[in-house]
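Right, one structure below, let's go through it.
The values are calculated or read from the model by the stated rules, or taken from the named source; none is laboratory data. Predicted, not measured: the structure shown is a model, and the values here were computed from it. Cβ coordinates were reconstructed from backbone atoms using ideal geometry, including for glycine residues, and neighbour counts include every protein chain displayed.
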Amino acid sequence: MKQIIPYFTMDRCEEAISFYQTVFGGEIRHKSYGKDVPGFEGFPDKLIHAELHIDQNLIFFFNDLQLKEMIHGNTLIIGLECDTKEELLRYMEILQIGGRVEMEVANMFWGATHAKVEDKFGYMWELNYTHDLT
């Protein structure tokens, strides 16, 4: 397997991709709008596909066109393994804006600093930094 790519579907897609770029950095390399995609002409200003490239990682985005009922639940949590504790704290600080902290930053029994936060779009993030145990 080459890569698993999360595909975010949401109503505020333009806002979300800008927000996640602010949080994680990276580059928005592709944006396609309904007016430019066959079959989506009825949604001319909606973002049909966008890509945020972050180092070797990739996130896809699609605007919720309400073609079918979207059920936003708690069945998926996005986990991030951070390079440093400072990186974890920075992500935590930004992701909680407009969202809520599910679990404060804490040292865990498995040798990591860990936190859990729901962002303003309703997505849950588990942030982890595994300590150097050498």
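Annotations
- Checked across region 100-107, the condition of being touching a residue at least 12 places away in the same chain (Cβ under 8 Å), among the aliphatic types (A, V, I, L, M), over 24 Å from T9 (Cα atoms) and not assigned by TED's automatic domain parsing to the domain that holds D11 holds for at least one residue.
- Among the residues making up region 108-129, those that are modelled with pLDDT of 95 or more and of a type outside the set (A, V, I, L, M, F, W, C) are T113, H114, K116, E118, D119, K120, E126, N128, Y129.
- Residues in region 1-26 that are small (G, A, S) and crowded, with 16+ Cβ neighbours inside 10 Å: A16, G26.
- Conditions (1) under 20 Å from G26 (Cβ atoms); (2) under 12 Å from the mean Cα position of the chain (by Cα); number of the one not met by G122: (1)
- In region 27-134, counting only strands (runs of 3 or more DSSP E) that sit wholly within it, the ones holding 1 or more residues that are loosely packed, with under 13 Cβ neighbours inside 10 Å span 27-33, 77-81, 100-108.
- Residue in region 34-66 that is farthest from the chain's Cα centre (by Cα), counting only those that are modelled with pLDDT under 90 and polar (S, T, N, Q): Q66
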